[in-house]
Amino acid sequence: MTTVAATAAKTARAAKPATMAQALQRAMRDAMAEDPAVHVLGEDVGALGGVFRVTDGLAAEFGEDRCTDTPLAEAGILGTAVGMAMYGLRPVVEMQFDAFAYPAFEQLTSHVAKMRNRTRGALPMPITIRVPYGGGIGGVEHHSDSSEAYYMATPGLHVVTPATVDDAYGLLRAAIASDDPVVFLEPKRLYWSKAQWSPEAPATVEPIGRAVVRRTGLSATLVTYGPSLTVCLEAAEAARAEGWDLEVVDLRSLVPFDDETVIASVRRTGRAVVVHESNGFGGPGGEIAARISERCFHHLEAPVLRVAGFDIPYPPPMLEQHHLPGVDRVLDAVARLQWEADS
Amino acid sequence: MKKSSTTVQEPPGAVVHRSTPPPAWQPRTDPAPLLPDREPYRVLGTEAVADADPELLLRLYAELVRGRRFNAQATALTKQGRLAVYPSSTGQEACEVAAALVLQEQDWLFPSYRDTLAVVARGLDPVQALTLLRGDWHTGYDPREHRIAPLSTPLATQLPHAVGLAHAARLKGDDVVALALVGDGGTSEGDFHEALNFAAVWNAPVVFLVQNNGFAISVPLAKQTAAPSLAHKAVGYGMPGRLVDGNDAPAVHAVLAEAVRRARSGGGPTLIEAVTYRIEAHTNADDATRYRGDAEVEAWRAHDPVRLLEHELTERGMLDEGGIRRAAEDADAMAARLRDRMNADPELEPMDIFAHIYAEQTSQLHEQAVQLRAELDASAEPADDARGQGEAR
Ligand SMILES: Cc1ncc(C[n+]2csc(CCOP(=O)(O)OP(=O)(O)O)c2C)c(N)n1
């Protein structure tokens, strides 16, 4: 053990490649070390460290009372977290996969989201609900849903999703520190994405509710978040050859929504495409496109377009590449932004 | 089929097994001590009454009388339009009162929508307890101040909260027991199952009291469950199940007290089924004649919780005509105060609908609040004044 500690100390300040999963683990670890009220609970979060190893080592370091393997029951996990929060704890709950969070929906919508309001501020719900979401990892059915629209439609919840290793750390710290419930959507296919990252001097804690311009450009804005960010950045590179100078906005937070950043960008570029992999119909893109249209109508050179997953139950893994919006679909949409009044 | 009279398989004859199953196949708990008795526990009219604390008996009586009166008054308030709805607990007062009195100050109560009486008997201002039913804000009190969770409208969802809170308190080393109330219908919900399972696995200091009042709105217990009793469900989770006569106030109190003691001393959770009856309809808006007959109701009226205790106390010379009258007068005075206070219109501030959604208002909500403020200001202006002046300004 001493050798490990010594090595860690030696490389203390050196940035080295870290995965998003490691950054998330680090965020929980730091939060737990700082505040004894922070408790992690969920299925397999203890000895196993979660099926994605995001809670790796927490039970060993903080004990089973702080990082608890619960019975297999999502409503029970979130429902007991409500009671724990009532007693002053800050539970961080792991839902094993997106589609397995559905049994907890009643607790989420009827209690977690409403408790502050129902009690006129007396009972805040400082609960973080971590949900691995989205596809692209070849998961079988029920392992690839993008459920953000459900959460967004529930007042009282914050909904955030990181797309970078830095944000994974910073946003999760902010979520755990928040006195409000935060649905923290973790893009599964980015879990193993790496970045130069110094775990000893981690990135700043990112306030919830701020979008960021990941790439500046002048001819159109791609509005995106989570797993689709890498797609959009790639598309923006590819579009250069066609003469498009694309700006890419990473929302990071779906609720609250950073109108300011999005509007400023679209007013500059005059064109916008919203890109996400969740279903298009009734999906987040509709809300975002409407907000842009309402606020940027006179600045728009073309209708706001959406590139989204098809309106189908998540397809089998061998076909998921046809469902997930990729670079080509984004580029096609960009091409359609060359809007002619009679087209 | 050799025997048609039974569906239970005959045990196989003596077979020499080559191996015994590994430990996972061994029973983890001896079910025998967890099983409820066949008959509900009773105190009134039995020898057990001699052991009951006289002071407690008189206190229970006073609270029962007040509770009965409260139910009548609240129902009357629905007729005057002062309450949007009231689910009466007439007939169930013994459960409500015992639940409130068994707890110590630091303990927590997790009520369902029918449990206004328990909340009031615990000491909450009745007007605060009635905010939800009045159509005012959901929870008219600070749950932490009174250690009373909000009255839960979605069935059984408060049960996992009780478990989580009790668990958290125990982790902190605090001497806190959570008592959660649920109806017979609520025991069919998944949250009931999950809460009991978590409580037993975590050995949480929590007590579950099912008020089996015979009906879930119109659906009788027989259509709700096929279990021998609701108390039997406890065994499957590994906690004791107890059956009690829910109209026998000292019996409910005794069984609850035993369970609370066990929880407090680290003995884990208990499931208690109190067998009682809902004398009134589900709420004032329900028509009970569509699903049950008068005879059944009358039979239960003969087993009334207030009369049962009153009879016992008078028999034992602990209560006389004067005492009965004083209890009734006290209850009347309480009802009169309640009526007066409920007859004043609550002051509601429309802009409050944007308060307490989040710790900090989002810009989206801020915009909507500005819109409502403008609408309110516009409607506050005198009608003829407002007309045509909009453009002028
Ligand atoms: C989750 C949920 N489903 C349905 C309802 C509508 N509902 C309100 S009360 C009730 C019956 C409840 O019966 P029971 O649990 O026996 O309690 P009681 O009303 O008899 O006290 C129903 C179905 C509800 N409140 N919550």
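Suppose we filter the range A:279-300 for residues that are over 24 Å from the mean Cα position of the chain (by Cα) and farther than 22 Å from B:Q368 by Cα; how many remain? Spell out how you get there, then give the answer.
Quick first cut of the range A:279-300, residues over 24 Å from the mean Cα position of the chain (by Cα) only: A:293-300.
Narrowing further to those that are farther than 22 Å from B:Q368 by Cα: A:298-300.
So the answer is 3.
Of the residues that make up the range B:136-146, is at least one under 14 Å from the mean Cα position of the chain (by Cα) and within 16 Å of the ligand (Cβ to nearest atom)?
First pass over the range B:136-146, keeping only residues under 14 Å from the mean Cα position of the chain (by Cα): none.
Looking for residues that are under 14 Å from the mean Cα position of the chain (by Cα) and within 16 Å of the ligand (Cβ to nearest atom), one finds none in the range B:136-146, hence no.
Among the candidates B:P143, B:P150, which residue alone is at the interface with chain A (Cβ under 8 Å from one of its Cβ atoms), under 23 Å from B:I217 (Cα atoms) and not aliphatic (A, V, I, L, M)? Spell out how you get there, then give the answer.
On the way: B:P143 fails: under 23 Å from B:I217 (Cα atoms).
Among B:P143, B:P150, only B:P150 is at the interface with chain A (Cβ under 8 Å from one of its Cβ atoms), under 23 Å from B:I217 (Cα atoms) and not aliphatic (A, V, I, L, M).
Tally time: how many residues in the range B:154-164 are more than 8 Å from chain A (Cβ to nearest Cβ) and surrounded by fewer than 24 Cβ atoms within 10 Å (Cβ to Cβ)? First the steps, then the outcome.
Initial filter on the range B:154-164 (more than 8 Å from chain A (Cβ to nearest Cβ)): B:155-156, B:158.
Add one more test, that the residue is surrounded by fewer than 24 Cβ atoms within 10 Å (Cβ to Cβ), and what stays is B:155.
Matching residues across the range B:154-164 total 1.
Mind checking which helices (runs of 4 or more DSSP H) fall wholly inside the range B:247-365 and carry at least 1 residues that are within 14 Å of chain A (Cβ to nearest Cβ) and either closer than 30 Å to B:G164 by Cα or at pLDDT 95 or above (or both)? Even if it seems obvious, please write down each step before you answer.
Values: elements: B:249-264, B:294-301, B:305-315, B:321-342.
Here the list is empty.
Does B:D184 satisfy the condition of being modelled with pLDDT of 95 or more, acidic (D, E) and within 18 Å of the chain's Cα centre (by Cα)?
Numbers: modelled with pLDDT of 95 or more: yes; acidic (D, E): yes; within 18 Å of the chain's Cα centre (by Cα): yes.
Taking the combined requirement at face value, the residue satisfies it.
So, of the residues in the range A:147-167 that are among the polar types (S, T, N, Q) and open to solvent by 10 Å² or more (accessible area, probe 1.4 Å), which turns out to be farthest from A:P126 (Cα to Cα)? Give the derivation first.
Kept after step one, since they are among the polar types (S, T, N, Q), are these residues of the range A:147-167: A:147, A:154, A:161, A:164.
So of that shortlist, the ones also open to solvent by 10 Å² or more (accessible area, probe 1.4 Å) come out as A:154, A:164.
Details: A:T154: 16, A:T164: 24 Å.
Filtering first and then ranking leaves A:T164.
Scanning for something closer than 27 Å to A:R173 by Cα, modelled with pLDDT of 95 or more and open to solvent by 30 Å² or more (accessible area, probe 1.4 Å), does the range A:283-290 turn up at least one residue?
no
Select from the range B:98-118 the residues that are more than 14 Å from chain A (Cβ to nearest Cβ) and more than 14 Å from the ligand (Cβ to nearest atom) and list them in ascending order. Before the answer, list the steps.
Quick first cut of the range B:98-118, residues more than 14 Å from chain A (Cβ to nearest Cβ) only: B:98-105, B:114-118.
Hits for the range B:98-118 are B:A98, B:A100, B:L101, B:V102, B:L103, B:Q104, B:E105.
For residues that are open to solvent by less than 30 Å² (accessible area, probe 1.4 Å) and closer than 23 Å to A:V182 by Cα, scanning just the range A:207-223, find the one that is nearest to the other protein chains (Cβ to nearest Cβ). Can you show your working first?
If we filter the range A:207-223 for residues that are open to solvent by less than 30 Å² (accessible area, probe 1.4 Å), which is where we start, we get A:209, A:211, A:217, A:219-223.
Those left that are additionally closer than 23 Å to A:V182 by Cα: A:209, A:211, A:223.
On the way: A:G209: 7, A:A211: 12, A:V223: 16 Å.
In this case the residue turns out to be A:G209.
Considering only the range B:210-229, I want to know if a residue exists there that is of a type outside the set (A, V, I, L, M, F, W, C), in a loop (DSSP other than H, G, I, E, B) and more than 15 Å from the ligand (Cβ to nearest atom). Write out each step before concluding.
Keep residues of the range B:210-229 that are of a type outside the set (A, V, I, L, M, F, W, C), which gives B:211-214, B:218, B:220, B:223-225, B:228-229.
Restricting the remaining residues to those that are in a loop (DSSP other than H, G, I, E, B) gives B:213-214, B:218, B:224-225, B:228-229.
Now narrow it down to the ones that are more than 15 Å from the ligand (Cβ to nearest atom): B:228.
The answer is yes, given that some residue of the range B:210-229 is of a type outside the set (A, V, I, L, M, F, W, C), in a loop (DSSP other than H, G, I, E, B) and more than 15 Å from the ligand (Cβ to nearest atom).
Quick grid of which residues meet (1) open to solvent by less than 40 Å² (accessible area, probe 1.4 Å); (2) within 14 Å of the ligand (Cβ to nearest atom); (3) β-branched (V, I, T):
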residue	(1), (2), (3)
B:G268	yes, no, no
B:I272	yes, no, yes
B:A285	no, yes, no
B:T289	no, no, yes
B:D294	no, no, no
B:A299	no, no, no
B:P305	yes, no, no
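Is it true that B:D174 is farther than 25 Å from B:S89 by Cβ, at the interface with chain A (Cβ under 9 Å from one of its Cβ atoms) and of a type outside the set (S, T, N, Q)? Step through it out loud before you land on a result.
Values: farther than 25 Å from B:S89 by Cβ: yes; at the interface with chain A (Cβ under 9 Å from one of its Cβ atoms): yes; of a type outside the set (S, T, N, Q): yes.
Yes: the conditions hold for B:D174.
From the list A:E74, A:E106, which one is touching a Pro at 6+ places or on another chain (Cβ under 8 Å) and under 26 Å from B:Y141 (Cα atoms)? Full working, then the answer.
Working: A:E74 fails: under 26 Å from B:Y141 (Cα atoms).
Result of the check over A:E74, A:E106: A:E106.
Whether any residue in the range B:231-239 is surrounded by fewer than 22 Cβ atoms within 10 Å (Cβ to Cβ), outside any helix (DSSP H, G or I) and at negative phi is what I want to check.
Taking every residue of the range B:231-239 in turn, at least one turns out to be surrounded by fewer than 22 Cβ atoms within 10 Å (Cβ to Cβ), outside any helix (DSSP H, G or I) and at negative phi.
B:Y237 is checked against (1) closer than 24 Å to B:I279 by Cβ; (2) more than 16 Å from the ligand (Cβ to nearest atom); (3) hydroxyl-bearing (S, T, Y) and fails just one. What number does that condition carry?
(1)
Filter the range B:187-206 down to the residues that are surrounded by fewer than 24 Cβ atoms within 10 Å (Cβ to Cβ) and near the ligand (Cβ under 9 Å from one of its atoms), then identify the one that is nearest to the other protein chains (Cβ to nearest Cβ).
B:E189
Considering each residue of the range A:75-105, count those that are more than 20 Å from the chain's Cα centre (by Cα), open to solvent by 20 Å² or more (accessible area, probe 1.4 Å), closer than 22 Å to B:A178 by Cβ and in contact (Cβ under 8 Å) with a residue 24 or more places away in the chain, and give that number.
Of all residues in the range A:75-105, those more than 20 Å from the chain's Cα centre (by Cα) come to A:75-77, A:79-89, A:103.
Of the ones still in play, those that are also open to solvent by 20 Å² or more (accessible area, probe 1.4 Å) are A:87-88, A:103.
Narrowing the set further to residues that are closer than 22 Å to B:A178 by Cβ leaves A:87-88.
Adding the requirement that they be in contact (Cβ under 8 Å) with a residue 24 or more places away in the chain leaves A:88.
Number of matching residues: 1.
Take the residues of the range A:224-263 that are of a type in the set (S, T, N, Q) and open to solvent by less than 10 Å² (accessible area, probe 1.4 Å): which is farthest from A:P325 (Cα to Cα)?
Restricting attention to the range A:224-263, the residues satisfying the condition of being of a type in the set (S, T, N, Q) are A:224, A:228, A:230, A:253, A:261.
Next, from what is left, pick out any that are open to solvent by less than 10 Å² (accessible area, probe 1.4 Å): A:224, A:228, A:253.
Values: A:T224: 12, A:S228: 8, A:S253: 20 Å.
So the residue we want is A:S253.
Being within 9 Å of another protein chain (Cβ to nearest Cβ) and open to solvent by 30 Å² or more (accessible area, probe 1.4 Å) is the filter here; which residues of the range A:64-74 pass it? Steps first, answer last, please.
Restricting attention to the range A:64-74, the residues satisfying the condition of being within 9 Å of another protein chain (Cβ to nearest Cβ) are A:65-66, A:68, A:70-71, A:73-74.
Answer for the range A:64-74, where residues must be within 9 Å of another protein chain (Cβ to nearest Cβ) and open to solvent by 30 Å² or more (accessible area, probe 1.4 Å): A:D65, A:R66.
The values are calculated or read from the model by the stated rules, or taken from the named source; none is laboratory data. Note that the coordinates shown come from a computational prediction; the quantities given were computed from them, not determined experimentally. All Cβ positions, glycine included, derive from the backbone under ideal geometry; neighbour counts span all protein chains shown. Ligands, DNA and RNA are excluded from the accessible area calculation, which covers all protein heavy atoms including side chains. Shrake-Rupley method; radii C 1.70, N 1.55, O 1.52, S 1.80 Å.
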